[in-house]
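Notes to accompany the following structure.
The values are calculated or read from the model by the stated rules, or taken from the named source; none is laboratory data. Please read all numbers here as calculations on a predicted model, not as lab measurements. Don't worry about glycine lacking a Cβ; one is built from the backbone with ideal geometry, like all the others, and counts go over all protein chains shown.
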Amino acid sequence: MDQREECEFLDLLYSAAVEPALWVPTLKRFADMIGGTSGLLSRHNIVDGSASGVGTRYDPAVESIYNDYYADKNVLLKVADPGAFLRSWAPRILTDEDWMPKEAFVRSEYYNDFLRPMEIHSVLMIRLAAIDQEVCALNINRPEPRGQFDRPDIEIATRLHPHLIRAFNLSDKLADGAQLSEGAASVFDGSPHGLFLLDAEGRVKRVNPAGEALARAGAGVAIIGGRLSATAAEAANRLAALIGAAASRDTARRTGGSMALASPTLPTPLSVTVAPVRAGTAPLFASGRTVIVCVTDLGASIALSEQKLRDLFALTPAEAKVSAALFKDADPKKAAARLGISSRTLQVHLGHIFEKTGTNRQSELMRLMTRIACADLA
């Protein structure tokens, strides 16, 4: 793969982040680049195996067939302990042989009755995100005559992996507002994340209400002289560099990036994602080189579902309430008072929680709780 081909792919990839219809040609292009014959961008529920997604060179009927029968037979996803799997999950690139012996894979019902009829013999699994009980990945497939994915293929995927993660996360954040309207402008304005649309010179052409609120609050970003900037000098330079790269005339330099932005007014940093948008992708992005900047207040949406904790770790209702209370206030005495129980009772519950979650200290438990609560903002 030469530099021109890679640049063209990145242009298409970041366009797919803001225009979901482009994911299909993006998957097709990526599969071709690494010698795959089909590709699937999917979300799998790690508990029940159910899945949804978009693919290239797939029969549309496959998803319903999978969910109706094969969801609990997927040997490439099935794990004995979903909670432990999610705790150790990392955005890695794996082949089917990394996951399990090939001999066991090809003996499975899932391979012989589901994958083999679609001429899928080798799978490259590119992990993108873990959101609640779902794991999101891009799977590229090959038939048996093409053999396993080898080092050059995996090196291409590894080089593009950060871009794939960034584009997927941006697409997922923009989709938060998709139910408000099918129009791009409504999705943009309705997103709970701060979105800034910039021209090739970095001037703000459009900003949604969430972005306006962040800029007015002096939370770490500001619009200065019509341009988006960070309030701290060093961070402003980094943000300007990311915007400059995304708006570059040079296709070899035009790419996305991300950074954490310390906030003078918020307890947690802002997460900033910058991406180029291909002109004409949608009416909202109609002319010239365009850049979209997504700013997320990591603390604003942090909430912990008691039901989610019960589902993941088999906590009792009382244990889930204790976990949620400690998440809101790390002081056990205050948490016990809020729940109307004694400190001793809380400590008993906490011991059971440690055992069920595989943690040993409250600090470890809080890190786990935060990861679960913020999984979709990671």
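Can you tell me which residues in segment 13-33 are touching a strand residue (DSSP E or B) at 6+ places or on another chain (Cβ under 8 Å) and free of Cβ contacts under 8 Å to residues at least 60 places away in the same chain? V24, P25, K28 - these are the residues of segment 13-33 that are touching a strand residue (DSSP E or B) at 6+ places or on another chain (Cβ under 8 Å) and free of Cβ contacts under 8 Å to residues at least 60 places away in the same chain.
Counting only residues that are within 18 Å of G194 (Cα to Cα), surrounded by fewer than 20 Cβ atoms within 10 Å (Cβ to Cβ) and hydroxyl-bearing (S, T, Y), which one in segment 230-263 is nearest to the chain's Cα centre (by Cα)? Looking at the filtered set, the residue picked out is S258. The single residue among S171, S181, S191 that is modelled with pLDDT under 90 and in contact with an Asp or Glu (Cβ under 6 Å, 6 or more places away or on another chain) turns out to be S191. The set of residues in segment 149-167 being more than 14 Å from A31 (Cα to Cα) and crowded, with 16+ Cβ neighbours inside 10 Å consists of H163, I165, R166, A167. On the basis of being assigned by TED's automatic domain parsing to the domain that holds V277, in contact (Cβ under 8 Å) with a residue 12 or more places away in the chain, under 15 Å from L261 (Cβ atoms) and assigned to a helix (DSSP H, G or I), does A219 make the cut? No, not satisfied.
Of all residues in segment 244-260, those that are assigned by TED's automatic domain parsing to the domain that holds E234 have Cβ atoms under 9 Å from Cβ atoms of residues that are assigned to a loop (DSSP other than H, G, I, E, B) and β-branched (V, I, T), 6 or more apart or on another chain, in A245/T255; A246/T255; S248/T255.
Looking only at residues of segment 263-275 that are part of a loop (DSSP other than H, G, I, E, B) and touching a Leu at 6+ places or on another chain (Cβ under 8 Å), we find that the one that is modelled with the highest pLDDT is S263.
Applying the set (1) closer than 26 Å to A314 by Cβ; (2) out of contact with any helix residue (DSSP H, G or I) (no Cβ under 9 Å at 6 or more places or on another chain) to I131 leaves exactly one unmet item: (2).
Considering only segment 276-294, I want to know if a residue exists there that is in a loop (DSSP other than H, G, I, E, B), surrounded by fewer than 22 Cβ atoms within 10 Å (Cβ to Cβ) and modelled with pLDDT of 80 or more.
No, segment 276-294 contains no residue that is in a loop (DSSP other than H, G, I, E, B), surrounded by fewer than 22 Cβ atoms within 10 Å (Cβ to Cβ) and modelled with pLDDT of 80 or more.
Of everything listed in (1) more than 18 Å from M125 (Cα to Cα); (2) at pLDDT 90 or above; (3) surrounded by 18 or more Cβ atoms within 10 Å (Cβ to Cβ), the single unmet condition for G83 is (2). Against the list (1) at pLDDT 90 or above; (2) assigned to a loop (DSSP other than H, G, I, E, B), the condition V47 fails is (1).
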